[in-house]
Ligand SMILES: *Cc1c(COP(=O)(O)O)cnc(C)c1O
């Protein structure tokens, strides 16, 4: 038995999801003729109370399309120093859109309205890049699955409106935040110009993301997706998996969060762990004693068929997910308790 906790992207489609995929009605989506894709887009847009939505092969492409929609080469975007759009998208903001990222020194991937106020202060100058966009991430990935405080996001939205900045949410794991904080998609739809969500993380689909926004933004996104090489054909088979995930695999995220908290509770009790970051959702980040070392710890867990991932700066990450069973959970907790 391999216990793969590297990411919540390692899941395989459930039998119910497979069934839904097998029976999907499909057509050529480049010609807008895939009924399953069209239905998923309409469903997601309605769910968030946004005008329109577009299906993407990856969260990276959806985020990068959003950046391109909101900026021109030479412009500036603001994001946290931990942001996925800055750290883990291959430098796409510079490559695709020719924009600079101004990094904000937040906490666990989240900055405050006061911090944004400070970095956006002052009037435009000919020698400064034009500030155009604020990107935030909920939950934060490198921040350990932390959730934003909604009232802080409302304050940030106010600043973006005052300064005429677009506001994008990288919501790869937004559903984890919604379930944990008992918030609604509608609330988020009212705050942002564009939102990306992923079906391939905790929701358990094999592939798929959606970008939400106004009719005008999604019209631009359609062209950009094609330009990026992301126009897809009979992709309703995959949209069916995403639709199934929305109907059947959202509420269960609470189980992943519960397991993550139980893992954290064990890590708090063992002497070789120096720090466990606060666990809010399905990501656990912890540090082991320097005498053991993070790489060594990961290797020794691997020898027991337990796969974890290093996040740099001595951080070790565990991500719980749909395919992490109760039996695996018991084995992991024992392995963590007995490690020496
Ligand atoms: C996974 C992830 C993405 C998108 O990743 P893809 O692998 O391209 O789908 C974007 N943002 C965050 C925070 C993520 O965790």
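How would you order 305-315, 106-116 from highest to lowest mean count of nearby Cβ atoms within 10 Å?
Numbers: 305-315: 15.0, 106-116: 18.5.
Taking the mean over residues of other Cβ atoms within 10 Å, the ranking is 106-116, 305-315.
Only bridges with both residues in segment 1-148 count here: give the DSSP antiparallel percent, nearest 5.
10 percent
What distance in nm separates the two pseudo spin-label positions at residue 12 and residue 158, each 7 Å out from Cα along the beta-carbon direction?
5.1 nm
Under a plain spin-label model, where a point goes 7 Å from the Cα along Cα-to-Cβ, how far apart in nm are residue 149 and residue 262?
For the pair residue 149/residue 262, the computed spacing is 3.1 nm.
For segment 200-316, count the residues as N, evaluate 2.2 N^0.38 Å, and divide the Cα radius of gyration by that value, please.
For segment 200-316, the normalised Cα radius of gyration comes out at 1.47.
Quick check: Cα centre of segment 297-326 to Cα centre of segment 87-115, how many Å?
That distance is 26 Å.
Counting only helical runs of four or more DSSP H residues, what would the 222 nm mean residue ellipticity of the chain come to if each run contributes -39,500 (n - 2.57) and the total is spread over all its residues? All intermediate terms of the calculation are to be shown ahead of the outcome.
On the way: 14 runs with 143 residues, N = 340.
Counting only the DSSP helices, I get -12500 deg cm²/dmol.
Among DSSP beta bridges whose residues both lie in the chain, state the antiparallel percentage, nearest 5. Before the final figure, lay out the partial values.
Details: 20 of 39 bridges.
The antiparallel proportion sits near 50 percent.
Over the residues of segment 33-115, compute the C-alpha Rg and express it relative to 2.2 N^0.38 Å.
Its radius of gyration relative to the 2.2 N^0.38 Å reference: 1.29.
If packing is taken as the mean number of other Cβ atoms within 10 Å per residue, what is the order of 206-215, 266-275, 145-154, highest first?
Numbers: 206-215: 22.7, 266-275: 13.9, 145-154: 18.4.
Going from most to least packed, we get 206-215, 145-154, 266-275.
If I take the Cα coordinates of the chain and project them onto the principal axes, what are the three extents in Å, biggest first?
That gives 57, 54, 34 Å along the principal axes, largest extent first.
How do the peptides 219-230, 76-87 rank, highest first, by the average count of neighbouring beta carbon atoms within 10 Å per residue?
Ranking the peptides 219-230, 76-87 by packing returns 76-87, 219-230.
No value in this document is a laboratory result; all are computed from the given coordinates. As the structure is a prediction and not an experimental result, all values here were calculated from the model. Neighbour counts are summed over all protein chains in view; Cβ atoms, including those assigned to glycine, are modelled from backbone coordinates with ideal geometry.
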